[in-house]
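Values in this text are rule-based calculations from the coordinates and carry no lab data. Since we're looking at a predicted model, the values are computed, not measured. Glycine also receives a Cβ, built like all others from the backbone with ideal geometry; neighbour counts cover every protein chain displayed.
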Amino acid sequence: MDKKELLKRVGCIDQLAGIRRLTYTSGRRDGIRAYEVYNKAGLHFNVMESRCLDIFNLWYKGVPLGFVSKPGMVAAPYADLHGVNFLRSAGAGMLYTCGLTNAGNAFSEEGTDDIFHGRIRFIAPENCGSWEGWEDNDYKLKIFGEMRDARLFGEHLTLTREITTSLGSKTIKILDTVENRGFEEQEFMILYHLNCGYPIVDKGCKIFIPSKDCLSMNPASEKLKDKWNEVTDPVDGSPENVFTHSLFHNREGHVYAGLYNENQKLGVSFSFNYDALDYIVEWKSMMSGDYVLGFLAANNHGAGRAYERANGSIKKIKPFEKVTAEINITVIDGETEFADFNSKFAECRSPV
C-alpha cells in the first residue's frame with residue numbers, strides 16, 4: 001500500500017509505527033534513557049541511549065527473541081566491573097557492543113587497564129537523536145549517535161551508529177563506523193554480542209553458522225566441539241561452551257548466520273560484512289536459568305587483547321582510518337522465509 005492509500009486509512013502514523021523516548025525509573029535500570037521502537041510488521045524493541053545505543057529487548061508479535069540474564073538491564077552507575085563481578089552487570093539483551101580496544105578477558109599493562117569486553121558498552125552517545133518520516137513510499141525509523149572511547153595521552157576512537165527499520169520491515173539494520181581520530185596506529189577490537197533466548201532457543205532449535213573452522217575456547221567446550229550446532233533442553237549446572245568460528249562468506253562478501261526453531265516456525269538471522277567482521281564467537285549455555293545462544297560477530301576470537309597479540313591476529317586501525325560494519329537482524333517467520341534464509345546461508349558454504 002502506498003503512502004496516499006495508507007493515509008486514507010490512518011489519521012496518525014503512530015497507530016502503526018513510531019519511536020518513543022523514555023527514561024527508566026526503577027531498580028538498577030534507574031536513569032537509563034532509551035528509545036522504544038515499534039512497527040506494523042510486529043517488531044518492538046528498545047534502544048538504550050545511555051549505553052552505546054545497544055538493543056536490549058526485542059519482541060516480534062509479542063514473542064521475545066533476545067536473552068535477558070538474571071541481572072536484567074543495569075545502568076552504568078550501578079555496574080560493578082571489578083574482576084568477575086562484571087557478571088553482576090551482564091544483563092545481555094539482544095545486542096551489546098564490546099570494544100573498542102578490548103573484547104574478551106580483561107587486559108592490563110603499563111598505562112592501560114581494559115575491563116572484560118571493554119568500555120564501549122557503558123558509554124553514552126553524543127550528537128544523538130531519532131528521526132522518523134517518509135522516504136518515497138516507505139516510512140523510516142532511525143536512531144543515531146556517536147560514542148567516544150578515548151583517553152588523555154592515549155587512544156581516540158569513535159563509534160558512529162545508525163539503527164534503522166521501516167514501517168513494514170522485519171529487519172533492524174545497524175550501521176557502525178569506527179574512526180581513529182588520533183595520530184597513532186591503535187590496536188582495535190570490536191565484537192557484537194547478539195543474544196537469543198527462550199522460546200526460540202528450545203527443543204527444535206537449529207544453529208546455522210557458515211563455519212570454516214571451529215576452535216574451542218574453554219576446556220568444557222573441547223569435548224563438545226563436534227556438537228557446537230546442537231541445542232539440548234536446559235541442564236542443571238551445565239558449563240557454558242564457547243567456540244570461535246572462522247567463516248565462509250558469499251561472493252558479495254556477506255556472512256549469513258542464525259537460528260530457527262522448527263517447532264515454532266520462528267527464528268532470527270544475522271548478516272554482516274566479512275571484511276570488518278571475520279569471526280563468529282558462539283556463546284552457548286544450556287545451563288538451567290542461563291539458557292542462551294549468542295552469535296558474537298567479531299574481528300577477533302573473543303578471548304582478549306593478550307590472546308590476540310600472542311596469536312598474531314590483533315587488528316589495528318591507522319590514524320584517521322575508518323572501518324564500517326553493517327549488521328542486519330532479521331526475523332524469520334515461517335517456512336517460506338526460512339527457505340529464503342537457508343538459500344543465502346548455503347551461498348556461504350563454499351570457498352570464495
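Observations on the structure shown:
- About the centre of its Cα atoms, the stretch 3-346 shows a dipole size close to 800 debye [charges on the beta carbon of Lys, Arg (+1) and Asp, Glu (-1) only; nearest 20 debye].
- The convex hull around the C-alpha trace of the stretch 123-265, projected and averaged over every direction, spans 13.6 square nanometres.
- Remark: the Cα gyration tensor places the stretch 264-337 in the oblate category, a/c being 1.5 or greater and a/b not exceeding b/c.
- Neighbour counting of Cβ atoms within 10 Å sorts the residues ASP114, ASP136, ASP14, ASP202, fewest neighbours leading, into ASP136, ASP14, ASP202, ASP114.
- Here the residues PHE67, PHE248, PHE153, ranked from fewest to most Cβ neighbours within 10 Å of their Cβ, fall in the order PHE153, PHE248, PHE67.
- Counted by neighbouring Cβ atoms within 10 Å, the residues CYS98, CYS12 run from fewest to most as CYS12, CYS98.
- For the stretch 58-117, the spread of Cα positions along each principal axis, largest first, Å: 50, 20, 16
- Shown here for the stretch 300-352: chymotrypsin sites (Phe, Trp or Tyr not before Pro) in loop regions (DSSP other than H, G, I, E, B) with at most 12 other Cβ atoms within 10 Å, namely PHE320.
- Given 10 as the ceiling on other Cβ atoms within 10 Å, longest exposed-site-free region of the chain for GluC sites (Glu not before Pro) in DSSP loops: 1-109
- Each of SER166, PRO125, GLY294 was placed along the dipole of the chain (beta-carbon charges, centred on the mean Cα), and the one lying farthest toward the positive end is SER166.
- The stretch 275-352: trypsin sites (Lys or Arg not before Pro) in DSSP loop, at most 14 other beta carbons within 10 Å: ARG349
- Share of Cα-Cα pairs in the chain lying beyond 38 Å, as whole percent: 13
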